[in-house]
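What follows is one structure encoded as structure tokens, with my remarks underneath.
The values are calculated or read from the model by the stated rules, or taken from the named source; none is laboratory data. Values in this document were obtained by computation on a predicted structure and should not be read as measured data. Heads up, the Cβs are rebuilt from the backbone with ideal geometry, glycines too, and the neighbour counts pull from every protein chain shown. Note: accessible area is taken over every heavy atom of the protein model, side chains too, but ligands, DNA and RNA are not part of it. Shrake-Rupley method; radii C 1.70, N 1.55, O 1.52, S 1.80 Å.
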Amino acid sequence: MKRATTRKKTSVGEKVFVFLNGFFMILFVIITLYPVWNTLVISLNNGTDSLRGGLYLWPRMWTLKNFNTVLHKKNLLVGAYVTVARTIIGTLMALGANAILAYIVSRKRFLFKRQLSLFWVITMYVNGGLIPTFLLFKGLGLTNNFLVYIIPGMISAFYMLVIRTFMVGIPDSFEESAQLDGAGDVVIFTKIISPLCKPVYATVALFCAVGHWNSWFDAMLYNRMNSNLTTLQYELMKLLSSVTNQSTSVESMKNAVGTVTPTSVRAAATILTMLPIVCLYPFLQRYFVTGLTIGGVKE
Amino acid sequence: MKRQKVLLLWSLVYVIYGFIFCYLPLAGWLMAFENYKPKDGFFHSQFIGLGKFKQLFVDDGFLRVIRNTLAMGVINLVVTFVAAIVFAILLNELKSQGGKKVVQTISYLPHFLSWIIVTGILHDALSGTGIVNDLLLRFHLLKEPLNFFAHPKYFWGIVAFANVWKETGWNAIIYLAAIVAIDTNLYEAAAIDGAGRWARIRYITLPGIKPTIIILLLMNAGNVLNAGFEVQYLLGNGLVQSVSQTIDIYVLKWGISQGDYSLGTAAGVFKSVVSIVIILIANGMAKRAGEERLF
């Protein structure tokens, strides 16, 4: 009994803090989720009806027409196809390339490990900038080319450092015993080191995949002329500017086809684009949390 | 020596690749000192020294662009930093473990959305019929709907908010990890000595994560000039371009759209050099203060 009373005797300030903190967290969650929820509501509501406004928590006139329209738009389908392709191919290539590089610079026996590391770390701080890079890619024939999504961004010094930090933590004895059995670097990398690096590989793969899924600037800059190489985000961006350019709702009313408006179509496209990410990321949490904490460790 | 061969061979591939994609563009800086014409090519264009830089610095447009980049870079840096630290500390004070987990998971979500999606959502929320105007009207803070994107005075604030919304949860991850690493005995001892919650935050948590804060501040200081492309490009419009355009947008506009490669490159070179100087200064300051350094 006595214990209970002492526990209850927390100060007023303490109680106020707990209350305000809880309130703040709820507010934070609402501000984070509400815009996404509202987009979902608009995407499921009759487009012309949405223009009346006042649509917040629940659709007034349910419809799947917006999604139907999106799924019949050729440019969005091409964009989705290219985006999936670049995400899969680009992630695998980047992961392989960064992992091998990290393996090389984490070998204690390698004479030039410091120089090679430095060679890449410098690229984190200095780069040629937009125009020289653009002209170079043009010269290399990487414009209007799918490979521009894959090749140039393959190596990232940051991801390399994250993997390297992890590999350095693997005891040398693993490699030494394999060497005694006559294993070369290919075997040590693929059979000994890589299986131990699965968590950090997952982290880097996740970062790369999100980057590929969300990128649009390279599509606009290098592949604008080829509509077969467009990406989902770039098409989404074009939808956005078409919506904002129609400043008044009267105008968008005129452009509305039946019950579908540019705004409602964009909402549906936005929902479809974020769907894979929203569904997957909660399950991959532990990977990016460890990845970030490793990456944050001082170089 | 024999065990070097494979590694050397592999390294060679990486050096060639890095040379082409990361170091060769640096040679393109030469264009900033030329009057580059595609037909004359890289080696036969007229060399004009600092002419393009002079052109930049007499252009009011460029000076404004520098101001915008610096202002938004600094505002975003400070605001996102404070938001992440405050959020991490408050989240850590949450008693319910389950609640903590749920809030944290939700807080990551915006980080994974592209800027295209985030700016699209922002456009909806701030539009004439959007939730923000509706709330402001309902509470009689406004008499008629306000078009936020038509007034230059709101733009920097909107950009800062967009950054906070997108990255607070993500940036907090690293602080939360640092807070968890603090010795719990310290908190217990402080509690026995009668330290309240604020005192514990003030004298244990904050000093405990100070090294992390400084390292991240250093890493991000060098990015101040890089913090301005996607949001500003996607949210900007003709009405606010005097405050929305940044160096990167200037480079894109003059270099790619107008085809003045030399001017665009000069602006890019200016940005890179200033960024490197900022990194070195930040690093030097940390060194003098006896804190951890980047290199």
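Summary of computed values
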quantity	calculated
In order through the range B:236-253: 3J(HN,Hα) via Karplus (6.51 cos²θ - 1.76 cosθ + 1.60), integer Hz, x for Gly, Pro	x, 8, x, 6, 10, 5, 5, 10, 8, 6, 10, 4, 4, 5, 4, 4, 4, 5
Vicinal HN-Hα couplings computed from phi for the range A:110-126 (Karplus, 6.51 cos²θ - 1.76 cosθ + 1.60; Hz; Gly/Pro x)	6, 5, 9, 4, 5, 4, 5, 4, 4, 3, 8, 5, 4, 5, 6, 9, 10
Among A:Tyr222, A:Ser264, A:Tyr103 the positive-end extreme of the charge dipole of chain A (Cβ point charges)	A:Ser264
Calculated on alpha-carbon atoms, Rg and Dmax of the range A:112-251 in Å	21.1, 78
Burial order of peptide ranges A:87-94, A:70-77 (average beta-carbon count within 10 Å, highest first)	A:87-94, A:70-77
Dimensionless Rg over Rh [the protein assembly as shown; C-alpha; Kirkwood]	0.98
log10 of Debye I(q)/I(0), alpha-carbon scatterers only, for chain A at 0.12 Å⁻¹	-0.96
Of A:Lys108/B:Lys5; B:Lys52/B:Lys271; A:Lys138/B:Lys37; B:Lys52/B:Lys253; B:Lys95/B:Lys166; A:Lys138/B:Lys39, pairs whose Cα-Cα distance is over 18 Å	B:Lys95/B:Lys166
Neighbour net charge for A:Glu175 - beta-carbon separation under 10 angstrom, K R +1, D E -1	0
B:Tyr203 accessible area, assembled protein chains, probe 1.4 Å, Å²	150
Whole-Å distance, taken between Cα centres, linking the range A:132-195 and the range B:214-271	31
Contact surface B-A: accessible area buried, both sides summed, square angstrom, 1.4 angstrom probe	7500
Within a Gaussian network of chain B (alpha carbon springs, distance under 10 Å), most fluctuating of B:Ala191, B:Ala221, B:Ala88	B:Ala191
Under 5 Å, built H, 5+ apart or other chain: amide partners of B:Glu34	B:Ile48
Loop-located chymotrypsin sites (Phe, Trp or Tyr not before Pro) in the range A:188-246 whose Cβ has at most 12 other Cβ within 10 Å (DSSP)	none
Length released on extending from A:Ile192 to A:Val126, taking residue separation times 0.36 nm less the Cα-Cα span	20.3 nm
Karplus 3J(HN,Hα) series, Hz, for the range B:55-60 with 6.51 cos²θ - 1.76 cosθ + 1.60 (x for Gly, Pro)	4, 4, 7, 9, 8, 4
Averaged over B:19-31, number of beta-carbon atoms from partner chains that fall within 10 Å	6
Evaluated over chain B, the Cα radius of gyration and Dmax, each in Å	24.2, 80
Shielding of A:139-146 by partner chains, average beta-carbon count, 10 Å	1
Estimated FRET transfer efficiency (A:Ser242, A:Val278; beta-carbon r; R0 30 Å; 0.05)	0.75
Accessible area (Å², per residue) of chain B, counting only protein heavy atoms and a probe of 1.4 Å	49
Size of electric dipole in the protein assembly as shown: Cβ of Lys, Arg +1 and of Asp, Glu -1, about Cα centre, debye, nearest 20	900
Using a Förster distance of 30 Å, the FRET efficiency for B:Asn35-B:Asn223 (Cβ separation, nearest 0.05)	0.45
Normalised alpha carbon radius of gyration of the range B:186-295 [divisor 2.2 N^0.38 Å]	1.63
Difference of contour (0.36 nm per residue) and Cα-Cα distance, A:Asn144 to A:Ala85	19.7 nm
Among B:Leu126, B:Leu24, B:Leu77, residue whose mean-square fluctuation peaks in a GNM of chain B (springs only between Cα atoms under 10 Å)	B:Leu24
Calculated FRET efficiency for the pair A:Phe174/B:Val180, C-beta based, R₀ 35 Å, to 0.05	0.75
Exposure rule at most 10 other beta-carbon atoms within 10 Å, DSSP loop trypsin sites (Lys or Arg not before Pro): chain B longest free segment	B:144-295
Under 5 Å, built H, 5+ apart or other chain: amide partners of A:Leu44	none
For residues of B:217-223, the mean tally of beta carbons on other chains within 10 Å	1
Listed residues A:Ile42, B:Ile281 arranged by accessible area, highest first, probe 1.4 Å	B:Ile281, A:Ile42
Accessible surface of the range B:134-257, 1.4 Å probe, proportion on carbon and sulfur as whole %	61
